[in-house]
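The values are calculated or read from the model by the stated rules, or taken from the named source; none is laboratory data. As the structure is a prediction and not an experimental result, all values here were calculated from the model. Because the Cβ atoms are built from the backbone with ideal geometry, glycine has one as well, and the counts that use them run over all protein chains shown.
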Amino acid sequence: MQSPYCRQESSGNFMRASQAPISLNLNESPYGVPTAALEAARNAVRISSRYQFELVEQLRQDLADRHQIPNEWISLYPGSNRALHYATLAFTNAQKPLVVGAPGFPVCEQAARLHERPVCQIPLLADGEHNVSAMLEAGAGGLIYVANPNNPTGSVTPHDALLRLIHGAANLTQQAVVLVDEAYVEFSDEPSMIAALREHPNLVVTRTFSKIYGLAGLRIGYAVAQPELLNRIHTQPAHDVPAPAAAAALACLADEAECTRRKHATKKERQAFTDWLGGYGLRHSNSHSNCLLIDCQRPVATIIEELAQLGVKVGRSWPGLDKWVRITLGTTDEMHILRQALAQVLNLERS
Ligand SMILES: Cc1ncc(COP(=O)(O)O)c(C=O)c1O
């Protein structure tokens, strides 16, 4: 029997997941597992009584071809969180800090705190860019983490600022490693930093299939760096990912058109939603991604609760931003329901 919490409907070329309650809380794809990926994963399950090393190697090779780098520069993980965690342990210690933007994605910080490594939070600039000068000043010898686009804001740090950061980190008396987390880069028009890897041995880039590709539950992501750096993050055994996840990821890479459709659909919903927020005079972060922070003008804890009662799960607030809530963009239908629920809970009137 199909779960009422996960009804799958086919809509054009999308697999549309309409869920009750609707989940706009974890920056997942509202468009479901792409059809080709679902088929590939099913087929991989059938042959999963045996190890599928060749399939996993095929994914590494496809990624290497796509990014025009040698395949030894790619390390696969069951989700990019794993790479963030291990990179934090590899490149920080009691004297070597982790430097992060605030508000930001917390996985590196959680790893650092768990292992009692110093953490330095640098507030984002007013437009949501990372403050690369301040990050450099704080980062000597350690790890500087930048998500681009950032979570929870969806804001981007321009390419030239990132290059300045990576170059500056390499030239510190105590060199720092820069990790650029590109979990959401496919939603934006920003160039990937993977192209900068050849010239920058102190750079790590992470990517995931959890976001635009809609494979969050399958757990597959990767880190890219020059081998000397990558080998310091590696856990043994390397590239230890499930065959169905690797097969689904390969199918996603082969379907560029689906990725583009999802990017455009997300952009359309983002524009419609920010126009709507603007109509009510509600401030929001400058997002280039599938999520944004909105200013509810009062503490959001009760708002989150009230929205949940109306069947809409939204994200959370961030430390120091208790009137702001993160919302993930959904399908057109889901965004319609969200707007109705928000209007009711926030008691909105046109400004
Ligand atoms: C910025 C950022 N990086 C990484 C991840 C984790 O992705 P994965 O599912 O690949 O572990 C997330 C998930 O929300 C994220 O927001």
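Can you tell me which residue among V185, V177 is crowded, with 23+ Cβ neighbours inside 10 Å, touching a strand residue (DSSP E or B) at 6+ places or on another chain (Cβ under 7 Å), hydrophobic (A, V, I, L, M, F, W, C) and not assigned by TED's automatic domain parsing to the domain that holds K267?
Numbers: V185 fails: touching a strand residue (DSSP E or B) at 6+ places or on another chain (Cβ under 7 Å).
Every option except V177 fails the conditions.
From the list V119, V100, which residue is within 15 Å of the ligand (Cβ to nearest atom), among the aliphatic types (A, V, I, L, M) and at pLDDT 95 or above? So that I can check it myself, show each step before the final result.
Values: V119 fails: within 15 Å of the ligand (Cβ to nearest atom).
Step by step, each of V119, V100 is checked, and only V100 is within 15 Å of the ligand (Cβ to nearest atom), among the aliphatic types (A, V, I, L, M) and at pLDDT 95 or above.
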- Query: With (1) free of Cβ contacts under 8 Å to residues at least 24 places away in the same chain; (2) within 18 Å of S29 (Cβ to Cβ) as the list, and C291 as the residue in question, which single condition is left unmet?
  - Reply: (1)
- Query: Restricting attention to the range 233-248, does a residue exist that is within 24 Å of N290 (Cα to Cα), in the same structural domain as A138 (by TED's automatic domain parsing) and assigned to a loop (DSSP other than H, G, I, E, B)?
  - Reply: no
- Mind checking which residues of the range 274-305 are buried (at least 16 other Cβ atoms within 10 Å of the Cβ) and among the charged types (D, E, K, R)? D295
- Subset of the range 163-186, residues under 21 Å from H67 (Cβ atoms) and not in a helix (DSSP H, G or I), comes to V177, V178, L179, V180, D181, E182, A183, Y184
- Message: Looking at G101 and the list (1) out of contact with any Phe, Trp or Tyr (no Cβ under 7 Å at 6 or more places or on another chain); (2) over 13 Å from I144 (Cα atoms), which single condition is not satisfied?
- Response: (2)
- In the range 122-162, residue surrounded by the fewest Cβ atoms within 10 Å (Cβ to Cβ) [restricted to those that are within 12 Å of the ligand (Cβ to nearest atom), outside any loop (DSSP other than H, G, I, E, B) and not small (G, A, S)]: V146
